[in-house]
1. Residues in segment A:87-110, backbone N under 19 Å from the label point at A:Ile24 (7 Å along the Cα-to-beta-carbon vector): list them, ranges by number please.
2. Between A:Val119 and A:Asp150, what is 0.36 nm times their sequence separation minus the Cα-Cα distance? Round to one decimal in nm.
3. With charges set only on the Cβ (+1 for Lys and Arg, -1 for Asp and Glu), what does the dipole of segment A:46-107 come to about its Cα centre, in debye to the nearest 20?
4. Can you pull the mean other chain C-beta count within 10 Å for peptide A:88-100?
5. For segment A:166-202, which trypsin sites (Lys or Arg not before Pro) are in a loop by DSSP, counting at most 11 other Cβ atoms within 10 Å?
6. If you take every DSSP beta bridge fully contained in the protein assembly as shown, what fraction is antiparallel? Give it as a percent rounded to 5.
7. Suppose every Lys and Arg Cβ carries +1 and every Asp and Glu Cβ carries -1, with no other charges. What dipole size does chain B come out with about its Cα centre, to the nearest 20 debye?
8. Using a label point 7 angstrom from Cα along Cα-to-C-beta, what distances in nm, from shortest up, separate A:Leu49 from the other copies?
2 protein chains.
Amino acid sequence: MKLYDSQLAPNPRRVRIFLAEKGIEVPTVQVDIGKGEHQEPEFLAKNALGRVPVLELDDGSTIAESVAICRYFEGTQPEPPLMGTDVLDRARVEMWQRRMELEVLLNSAQSFRNTHDYVKGRITQVPEYGELCKATAIQRLEWLDEVLADREFIAGDRYTIADITALVGIDFGRITGIAVAPDQKNLARWHAAVSERPSAKA
Amino acid sequence: MKLYDSQLAPNPRRVRIFLAEKGIEVPTVQVDIGKGEHQEPEFLAKNALGRVPVLELDDGSTIAESVAICRYFEGTQPEPPLMGTDVLDRARVEMWQRRMELEVLLNSAQSFRNTHDYVKGRITQVPEYGELCKATAIQRLEWLDEVLADREFIAGDRYTIADITALVGIDFGRITGIAVAPDQKNLARWHAAVSERPSAKA
């Protein structure tokens, strides 16, 4: 088994943190996005969409998409549960994971993709859209601060994949100026706590 | 139990098709997006993000996000399985469901949101981004036609939530001119087959 990984991109970090929380070690292969290795035929054979991460199983078959890779490891090693504990909890964790992905991480990533010099000339950028995503991400952090007023973690009293996605989304947002505001005490408390977990360094 | 639904929006249709495939009937409450009912305090109390669908359980608690609602019903009634049958299959279905959501449905929805007169003045539109999403969605349908060359359904030989998301994404794309091209025989065959299922009318 191998994990095609990239230290610079936000999505592979989600999987690395997930694996660290589970205590699972998987050999990684670094894909150099800066050099365009993710667009080379050898990698496209593993994921036609040219995205990291990709998990390659021992039979050579592959699973792309961070959350699908996490789902696989949640199945092979259920403890500690990071995607819910029963039918209702699994649905609630999925709700929060999706909100963190679509409202925080995606806006943070689109802000970067559409405005940052690093990708200029490599993809079509629409800076006006990137600014809109940045503004939306900042609004969502205000909402998240309210959400965290009455709970320790994003989906409730247990650390889950929703916390991983939010952490990665917020940390990646720094590049384009999306950050926890000084008055967001609940969000700051949560961010400090999840950042102190050893998995955050993964 | 009640499902807050909207006949015009694509995401609630995903849940309606999913429920129809399971043979589950849930009373629905129509939320009139045209009149802005999804932004009224009563609805925002059910989903602070102001989006449909929302499932309200008998204890008054709510689950938002289409896929989270589907996950709930997959748990309460596993047959027929629409989100995978074992650990590996669940990961693969999740991969395809996410690809259909992020590559087809999201681009289709963003094309509509950023270019269509129906939402003009109600949300900030970036037409240039909408056009980019339309072009991306059309490219993704070319890819999907290749994917479907060697399989009956999107995630393999079984109908799954990935087919539901793709169907809803493609059908919603019609509004902005995203459509199956005449030479996309595999995609056309698949689209005809999933459209003929009784669930497609849900």
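Just so you know, all these numbers are worked out from the coordinates, no wet-lab data involved. This one's a predicted model, so the numbers in the text were calculated from it and none came from an experiment. Don't worry about glycine lacking a Cβ; one is built from the backbone with ideal geometry, like all the others, and counts go over all protein chains shown.
1. Correct set: A:90-91, A:93-94, A:97-98.
2. Numbers: separation 31, 0.36 × 31 = 11.16 nm, distance 3.92 nm.
This chain segment gains 7.2 nm when fully extended.
3. Numbers: 7 positive and 11 negative charges, 55 e Å.
Around 260 debye, computed over segment A:46-107.
4. Numbers: counts 7, 1, 5, 14, 8, 2, 8, 13, 3, 3, 7, 7, 0.
The shielding value for this peptide is 6.
5. On the way: sites: A:Arg174, A:Lys185, A:Arg189, A:Lys201; in loops: none.
Here no loop site has a sparse enough neighbourhood.
6. Working: 14 of 22 bridges.
Around 65 percent of the beta bridges assigned by DSSP in the protein assembly as shown are antiparallel ones.
7. Values: 25 positive and 31 negative charges, 67 e Å.
Using only the charged Cβ atoms, the result is roughly 320 debye.
8. Shortest to longest, the spacings are 1.7 nm.
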